[in-house]
Amino acid sequence: MQVAMYYNNSDVRLEEMDIPKIGAGELLVKVMASGICGSDVMEWYRIKKAPLVLGHEIAGEVVEVGEGVEAENGGAGFSVGDRVMATHHVPCDECKYCLDGHHSTCDSLRSTKFYPGGFAQYLRLPAINVQKGTLKLPDSMSYDEATFIEPLACVVRGMRHARMKEGRAVLVLGAGISGLLNIKLARARGASRIIATDVSQYRLDAAVRSGADLALDAREDVPALVKEHNGGCLADLVIVCTGAKPAVEQAFNCVDRGGTILFFAPSDPDVRIPLNLWEAWCNELTFTTTYAGSPNDLREALALIESKQVEVTDIITHRLPLAKAQVGFGLVASAGESIKVIIRPQE
């Protein structure tokens, strides 16, 4: 089979690998669509493990089932021909962290993955991924749409951690794919006002099309403009969807008293941000983070997409064959005129 082998953001090669062999409890999936995530181009992190096949936002067709997996008499298993999505990292759902709702800190989630990765024509789903992180797709959902289930599940989890509720004024810093999904879900959750920032006019325009009431150049006086357009108040919820240090620092100046900052995107590991604890204390600010999504978040994300409460097809800008994976990585890494880039390994 063919795979897109990642060496660095500027070197993604079409190579040959053997089709994985599966064992008991496992599935072999023919990958029909795989989205390029912003984390796939975090070169400082990815290059340490290169060469490797990336891709974790996948959807495809089951072509082989291991012993104990096949659905019989309407059972809950999987059969050849099933259309599925699967997530690469899965929690055990049994440890103290999972039982306390912190699935992304579970040792299982931090160690599991499928093989070799979504930018391949076929992949093997280990038994735990089959059990905890694989969902059948409704007939109405395309494979392209299904690649959004995993990233939207991350957004669902973030909104829950941030205690998002109807009527809140939301500021989204960074209007890439994660920023747009946060805008869309905030709108579905009943936000009173949504403001987005970015340094790219292309992405600011996309933010408005995705449901933002206002889109601001991040280099302007964002706190003052938020107040001007939000009845003299700062934002109740600030969602940081970029790891850029200026945006992280800006978040502290944009959150209203009693408000929350959700750090959705990671920064580089050596970034340090000074915190004025006095201001945070007397203004009763809440800071929280989010990473990945739980099995329940995946199911909720699927339902949101299926019901069109969160429309995703309008932010797909590129659909590319596997042989053009390097083009796709270049588009995402440059943060230029692209939003969601999907690789179709069978084309």
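Screening M141 on (1) outside any helix (DSSP H, G or I); (2) in contact with a helix residue (DSSP H, G or I) (Cβ under 7 Å, 6 or more places away or on another chain); (3) not assigned by TED's automatic domain parsing to the domain that holds L320 shows it passes everything except condition (3).
Looking at the range 200-310, the strands (runs of 3 or more DSSP E) lying wholly inside it that each contain 2 or more residues that are over 22 Å from S338 (Cβ atoms) sit at 235-240, 255-263, 286-289.
Looking only at residues of the range 315-347 that are of a type in the set (D, E, K, R) and over 16 Å from the mean Cα position of the chain (by Cα), we find that the one that is surrounded by the most Cβ atoms within 10 Å (Cβ to Cβ) is K324. Close contacts from the range 248-276, counting a first residue that is assigned by TED's automatic domain parsing to the domain that holds V172 and a second that is of a type in the set (D, E) and buried (at least 21 other Cβ atoms within 10 Å of the Cβ), with Cβ to Cβ under 9 Å and a gap of 6+ residues or different chains, come to V255/D236; D256/D236; G258/D236; G259/D236; T260/D236.
Of all residues in the range 26-60, how many are free of Cβ contacts under 8 Å to residues at least 60 places away in the same chain, within 16 Å of Q2 (Cα to Cα) and not in a loop (DSSP other than H, G, I, E, B)? Residues that pass the stated criteria total 0.
Residues that are in contact with a Ser or Thr (Cβ under 6 Å, 6 or more places away or on another chain), at pLDDT 95 or above and more than 30 Å from L135 (Cβ to Cβ) occur at least once in the range 282-289.
Can you tell me which residue within the range 250-270, out of those that are modelled with pLDDT of 95 or more and of a type in the set (A, V, I, L, M), is farthest from the chain's Cα centre (by Cα)? Taking the candidates together, the pick is V255.
With respect to the conditions (1) in contact (Cβ under 8 Å) with a residue 60 or more places away in the chain; (2) more than 20 Å from the chain's Cα centre (by Cα); (3) not assigned by TED's automatic domain parsing to the domain that holds V41, G167 falls short on a single one, namely (1). As for the range 312-323, it holds no residue that is in contact with a Lys or Arg (Cβ under 7 Å, 6 or more places away or on another chain), within 23 Å of R189 (Cα to Cα), in the same structural domain as L185 (by TED's automatic domain parsing) and of a type in the set (V, I, T).
To keep it simple, each residue is scored yes or no on (1) closer than 29 Å to L331 by Cα; (2) of a type outside the set (G, A, S); (3) part of a loop (DSSP other than H, G, I, E, B).
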{"position": "I19", "(1), (2), (3)": "yes, yes, yes"}
{"position": "V63", "(1), (2), (3)": "no, yes, no"}
{"position": "G68", "(1), (2), (3)": "no, no, yes"}
{"position": "E94", "(1), (2), (3)": "no, yes, yes"}
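Being among the hydroxyl-bearing types (S, T, Y), surrounded by fewer than 16 Cβ atoms within 10 Å (Cβ to Cβ) and more than 28 Å from E311 (Cα to Cα) holds for only one residue in S79, S140, and it is S79. Candidates G231, G243: the one that is touching a Pro at 6+ places or on another chain (Cβ under 7 Å), assigned by TED's automatic domain parsing to the domain that holds L181 and either within 15 Å of L152 (Cα to Cα) or not charged (D, E, K, R) (or both) is G243.
Taking the range 289-324, which residues are without any contact (Cβ under 8 Å) to a residue 60 or more places away in the chain and of a type in the set (V, I, T)? So that I can check it myself, show each step before the final result.
Here is the first cut: in the range 289-324, the residues without any contact (Cβ under 8 Å) to a residue 60 or more places away in the chain are 296, 303, 307-308, 317-318, 320-321, 324.
Of everything in the range 289-324, just one residue is without any contact (Cβ under 8 Å) to a residue 60 or more places away in the chain and of a type in the set (V, I, T), namely T317.
If you go through the range 46-59 and keep only what is surrounded by fewer than 19 Cβ atoms within 10 Å (Cβ to Cβ) and under 27 Å from V130 (Cβ atoms), you end up with R46, K49, P51, L52.
The values are calculated or read from the model by the stated rules, or taken from the named source; none is laboratory data. Keep in mind that this is a model prediction, so the values were computed, not measured. Note: ideal-geometry Cβ built from the backbone for every residue, glycine included; neighbour counts use all protein chains shown.
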